[in-house]
Each structure stands twice: as C-alpha cells, then as structure tokens.
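The values are calculated or read from the model by the stated rules, or taken from the named source; none is laboratory data. Note that the structure is a prediction, hence the values are computed from the model and not measured. Keep in mind that these areas ignore ligands, DNA and RNA; they rest on the heavy atoms of the full protein, side chains included. Shrake-Rupley method; radii C 1.70, N 1.55, O 1.52, S 1.80 Å.
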Amino acid sequence: MVLSISMVLLLGIGVFILWRTGYQRIPSGIVVCLFGFFLASTGIAPAIRDAIASVAGWISSISL
C-alpha cells in the first residue's frame, strides 16, 4: 500500500513537472491517466505490480 501511494505521488510530480515545462499538455495527460486506469483493470496488472515491487526491492537492497 505504501509503495502504491509513493509511486502515485512520484508519478504525479513527474507529470506536473512535464506539464509545467511544456512537454505535457492536459489532453495527453488525460489520455495517459485513462490508459493507466484501464491497464490496471486488465489481467496484466498483477505482473506489472510484481515487476515494480521487484525493482523497488532491488533498488532498496543496494547499499551505498
């Protein structure tokens, strides 16, 4: 749950920065959001969630 909220916050900040710099416009942002919502309701959503959790675990295991 915490990873989901953090990822949503991080992606939201990224979209906001892209929008403010002119690389992202509101209509294309809406399309991207709708794509994400529809993708989350497909059968591939668990595989995407597992891949993100795996990458997050790998990144957290790196000690500097």
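Taking the accessible area of the chain, probe 1.4 Å, and keeping the other protein chains in place, the carbon and sulfur fraction comes to 77%. Amide hydrogen proximity for Gln24: with H placed 1.01 Å from N in the peptide plane, the residues at 5 or more positions away or on another chain lying under 5 Å are Trp19.
From helices alone, the chain scores -27500 deg cm²/dmol at 222 nm; the rule is -39500 (n - 2.57) for each run of n ≥ 4 DSSP H residues, then divide by the residue total. Measure nothing but the geometry: give the 0 to 90° angle between the long axis through the Cα atoms of 2-21 and the longest principal axis through the Cα atoms of the chain, rounded to 10°. Taking the Cα atoms of the chain, the angle to 2-21 is about 30 degrees.
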